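These notes are about the structure you will find just below.
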Amino acid sequence: PINLYGATKLASDKLLIAANNMAGGHCRFSVVRYGNVVGSRGSVVPLFNKQIRDGDPITVTHPEVTRYLMTIPDAVKLILETSIISKVNKSGLIYLLDMGKPIKIVDLAKKMINLYGLTVGTNTNAGQVEIKFIGLRPGEKLHEELYLSNKTGKTINNKIFLVDEDKQEFNEIENKLNQLKKIIHDNNYKLAIQYLEENVEGYSKSNL
């Protein structure tokens, strides 16, 4: 992760994975990671729909930006299936849906324009919709990375695979969390960022 949102998500992943060591077999913790959920809040699909209907240009950050896409039913099924799969595999693993190859967002925009019976262009009077590139936002990646480790494996569901990332002892993470609690209590933004830089791979405030 290179932005604050991703850094906090990875920190929580580490906590849940480490919690398996403290559960004594009575409780299992696993993590699922999503691509971009089409139609969810924050998804580009509702935004593109609105822009097309309003006759506005479609705004895309970069012509080469790609994202993994999944549907809302896919997201729900991933959680339900993983609850079963995690009983077969050891706990403390990360599960991902096989979403195929990442999709170029500009290609998605073109397909949506065509579904409306329109074409790409600047002449709105001739049924054309402009695609406008607005640049990557601070902390935004050109391409997504869904896992840190190359240790991937199959599950009993051929559409779901697992990743075994490096684990930390829960006591070690708990001590670090106590440090973070104090930082939050003191409302010390600079120390909070420093904490994430020191404890989350890839994160740096210079990416903000």
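Points worth noting:
- Per residue convex hull volume, Cα atoms of segment 124-176, in Å³: 205
- With θ taken as phi - 60° and the Karplus curve 6.51 cos²θ - 1.76 cosθ + 1.60 applied, the whole-hertz 3J(HN,Hα) list for segment 150-167 is 8, 8, 10, x, 8, 10, 5, 9, 5, 9, 10, 10, 10, 10, 10, 8, 4, 10 Hz, x standing for glycine and proline.
- Couplings 3J(HN,Hα) for segment 121-136, derived from phi with the Karplus relation 6.51 cos²θ - 1.76 cosθ + 1.60 (θ = phi - 60°), are x, 9, 8, 5, 5, 9, x, 10, 10, 7, 9, 10, 8, 10, x, 5 Hz, where x marks Gly and Pro.
- Annotation: the antiparallel percentage among DSSP beta bridges lying fully within the chain is about 45.
- Charge dipole (debye, nearest 20) of the chain; +1 at Cβ of Lys and Arg, -1 at Cβ of Asp and Glu: 400
- Whether the chain is rounded, prolate or oblate, judged on the alpha carbon gyration tensor where a/c under 1.5 counts as rounded: oblate
- Helix-only [θ]222 nm of the chain, DSSP H runs n ≥ 4, -39500 (n - 2.57) each, per residue, nearest 500: -13500 deg cm²/dmol
- Amide H contacts of Leu69 (H built 1.01 Å from N, in plane; Pro and chain starts excluded): Asn36, Ile103 sit under 5 Å, all sequence-distant by 5 or more or on other chains.
- Note on Lys190: aspartates and glutamates with a C-alpha under 20 Å away, same-chain residues under 8 apart excluded, are Glu198, Glu201.
- Relative contact order (percent, whole number), the chain, Cα cutoff 8 Å, 6+ residue spacing: 29
- Overall form of segment 90-208 per C-alpha gyration tensor (a/c, 1.5; a/b vs b/c): oblate
- Local charge for Asp56 was computed over the other residues whose Cβ lies under 15 Å away, with Lys and Arg +1 and Asp and Glu -1, and equals +1.
- Segments 44-54, 174-184 sorted - mean Cβ within 10 Å per residue, highest first: 44-54, 174-184
- Charged neighbours of Tyr147, selected by a Cβ distance under 11 Å, balance to -3 (K, R count +1; D, E count -1).
- FRET E, pair His185, His143, Förster distance 35 Å, beta-carbon r, rounded to 0.05: 0.40
- Projecting label points 7 angstrom from Cα along Cα→Cβ for Val120 and Tyr5 puts them 2.5 nm apart.
- Model label sites at Ser12 and Ile134, defined 7 Å from Cα along the beta-carbon direction, differ in position by 2.6 nm.
- Total formal charge among the other residues, if their Cβ is under 11 angstrom from that of Arg33, Lys/Arg +1 and Asp/Glu -1: -3
- Fluctuation leader among Ser149, Ser86, Ser30 - the chain, Gaussian network, Cα springs under 10 angstrom: Ser149
- Efficiency of FRET between Glu197 and Thr152 - r from beta-carbon atoms, R0 35 angstrom, step 0.05: 0.80
- The phi torsions of segment 42-59, fed into the Karplus equation with coefficients 6.51, -1.76 and 1.60 and a -60° offset, translate into couplings of x, 5, 6, 4, x, 5, 4, 4, 5, 4, 5, 5, 7, x, 8, x, 7, 9 Hz, rounded to whole numbers, with Gly and Pro shown as x.
- Remark on Glu165: its backbone amide H falls under 5 Å from those of Ile94, a criterion applied only to residues 5 or more positions apart or on other chains, H modelled at 1.01 Å from N.
- Residues listed by number, segment 122-156, amide nitrogen under 11 Å from Ile84 label point at 7 Å toward C-beta: 156
Laboratory data are not the source of any read-out in this text; all were calculated from the coordinates shown. If you're wondering where the values come from, they're calculated on a predicted model, not measured in any experiment. Please note: Cβ atoms are built from the backbone with ideal geometry, for glycine as well, and neighbour counts cover all protein chains shown.
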